[in-house]
Amino acid sequence: SNQTFNMKIIGKRPQTLTFTTVNETRIDQVLDLNGTSSAGLTVSYSITAGNSIANLSSNRFNCSRAGSGTVRARQAGSGTCAAAVAVDQTFLVKRPLTLVFDAIGDMGRNQQFVVKAVVLDGITNQPVQVSPTYSIISGPATVNGGQITCGNTTGVVQVRAVATGAAFFTTTETASFNVTNKQGQTILFKQGESGGLRD
């Protein structure tokens, strides 16, 4: 038998956007933007802050300088879906660092010495004014600032250096040395006298 069905049209279906990014990214990396629509529609992007440090190519954020950037994700809707509320994400673009430990030879028990790691810009390979912090990962030694004190037992010591800064990405490097039964020694270049030896 025939039946009648009454239906009310209330408008387009709503949709929501999900858009998350990392808090920090490196200047030498491309950031893939991953916004999604609950309706399965294609998400578009625009830079609302930080045009001077990056550009957009489709859904890829290409960084050229350090700084702060804000990207807006939006979806304009379709014949059946209403436009979504735009979502902004702000993140920092930082320069990479490279840590290079000075060589550490075998050390004697209870010996003290100063450990040193040079901090370089990861792109230009030039030194930067960033002081690393040191910690002992394992082994018979302690560290205070940059001074390491070997323990009274022998074994392998692992040292970690961490460098970071407002414009730089946090970088970690490790080095190791042996604490032996032999008496330790260090070789030091003199400082301050005239000559042709550079730092």
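Applying a threshold of 8 Å to beta carbon distances and a minimum spacing of six or more residues, or different chains, the list of pairs starting in the stretch 5-29 at a residue that is closer than 22 Å to Ala83 by Cβ and ending at one that is open to solvent by 100 Å² or more (accessible area, probe 1.4 Å) and among the basic types (Lys, Arg) reads Leu17/Arg74.
Report yes if Asn59 is surrounded by 14 or more Cβ atoms within 10 Å (Cβ to Cβ), over 12 Å from Ile27 (Cα atoms) and in contact with a strand residue (DSSP E or B) (Cβ under 9 Å, 6 or more places away or on another chain), otherwise no. The answer is yes for Asn59. Among the residues making up the stretch 118-128, a single one is surrounded by fewer than 14 Cβ atoms within 10 Å (Cβ to Cβ) and outside any loop (DSSP other than H, G, I, E, B): Pro127. So, Ala73, is that one in contact with a Leu (Cβ under 7 Å, 6 or more places away or on another chain), in contact (Cβ under 8 Å) with a residue 40 or more places away in the chain, surrounded by 13 or more Cβ atoms within 10 Å (Cβ to Cβ) and in a loop (DSSP other than H, G, I, E, B) or not? No: the conditions fail for Ala73.
Flag: Asp88 matches the condition of being of a type in the set (Asp, Glu) and exposed (fewer than 14 other Cβ atoms within 10 Å of the Cβ). Could you list, in sequence order, the residues of the stretch 93-117 that are within 23 Å of the chain's Cα centre (by Cα), surrounded by fewer than 17 Cβ atoms within 10 Å (Cβ to Cβ) and among the hydrophobic types (A, V, I, L, M, F, W, C)? If the condition is that a residue be within 23 Å of the chain's Cα centre (by Cα), surrounded by fewer than 17 Cβ atoms within 10 Å (Cβ to Cβ) and among the hydrophobic types (A, V, I, L, M, F, W, C), then Val100 is the only one that fits. Suppose the filter is assigned to a strand (DSSP E or B), of a type in the set (A, V, I, L, M, F, W, C) and either at pLDDT 90 or above or over 30 Å from Asn55 (Cα atoms) (or both); does Val85 pass it? The answer is no for Val85. Scanning the stretch 21-56 for residues that are assigned to a loop (DSSP other than H, G, I, E, B), polar (S, T, N, Q) and buried (at least 16 other Cβ atoms within 10 Å of the Cβ) yields a single hit, Thr21.
The values are calculated or read from the model by the stated rules, or taken from the named source; none is laboratory data. Since the model is a prediction, treat every value here as computed from it, not as a measurement. Here the Cβ is made from the backbone with ideal geometry for all residues, glycine too, and neighbour counts use every protein chain on show. All accessible areas refer to the heavy atoms of the entire protein, side chains included, with ligands and DNA or RNA removed. Shrake-Rupley method; radii C 1.70, N 1.55, O 1.52, S 1.80 Å.
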